[in-house]
Structures are given as structure tokens and as C-alpha cells.
Amino acid sequence: MSHHTSNNSHKPPAVRHLPDPAICRGRIVIHDSVECLVPSPADCHYALEYGGAYLCHHPDRADIAKRTKAKKITKKK
């Protein structure tokens, strides 16, 4: 029987799961093409790298872009 107790001081960092409405940000660049504004979006299966940027192919990308514009959120580099 072990007397070791864990104080959870070595918890791994929270994992970010995309797409997530609380995280996703985008802006319309041409017609229905939406640029992903999330820092490091490579782990999202809806993000497609194109010309140094990522395009969003999420079914709700237009709504994501509208919400982002309404909140005036810009890309952080």
C-alpha cells in the first residue's frame, strides 16, 4: 500500500480542441472564403493551409466570421 498522495501540481496543460465556438475566429477574405484567425490552427481538421495563411472550411465559417467581426477580434501573431 502506497502512502504517496498526489497534489496535482504536475497537471498537463489544458488541451485545446478545435473547432470550438469559444476559440474560433475568422474573417471573410473573398466570397465565402474565411481566413482562420486562431493562433496555430494546424490542429483543426477544418483548417487548410494556403499561401502562409489558413482557410477555414467549417460548415459554420460564415457565422464564425460574422461573430468575429462583431467582436472586432484581430489576428495575433
For this session: Only one of these is at positive phi and out of contact with any Gly (no Cβ under 8 Å at 6 or more places or on another chain): K66, K72. Name it.
Result: K72
Exercise. Just for the stretch 1-36: of the residues that are among the β-branched types (V, I, T) and more than 25 Å from G51 (Cβ to Cβ), which one is modelled with the lowest pLDDT?
Worked result: T5
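Looking only at residues in the stretch 45-69 that are part of a strand (DSSP E or B) and in contact with a Pro (Cβ under 7 Å, 6 or more places away or on another chain), which one is surrounded by the most Cβ atoms within 10 Å (Cβ to Cβ)?
If we filter the stretch 45-69 for residues that are part of a strand (DSSP E or B), which is where we start, we get 47-50, 53-56.
Then keep just the ones that are in contact with a Pro (Cβ under 7 Å, 6 or more places away or on another chain); that gives 47, 54.
Numbers: A47: 23, Y54: 21.
Only one residue fits best here, namely A47.
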For this session: Return the total of residues in the stretch 47-62 being in contact with a strand residue (DSSP E or B) (Cβ under 6 Å, 6 or more places away or on another chain) and either within 10 Å of C24 (Cα to Cα) or in contact (Cβ under 8 Å) with a residue 12 or more places away in the chain (or both).
Result: 6
Exercise. Any residue at all in the stretch 37-44 that is within 10 Å of the chain's Cα centre (by Cα), modelled with pLDDT of 90 or more and assigned to a helix (DSSP H, G or I)?
Worked result: yes
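The values are calculated or read from the model by the stated rules, or taken from the named source; none is laboratory data. Everything numeric in this text was worked out from a predicted model, so none of it was measured. Methodologically, a virtual Cβ is constructed for each residue, glycine included, from the backbone with ideal geometry; neighbour enumeration extends over all protein chains shown.
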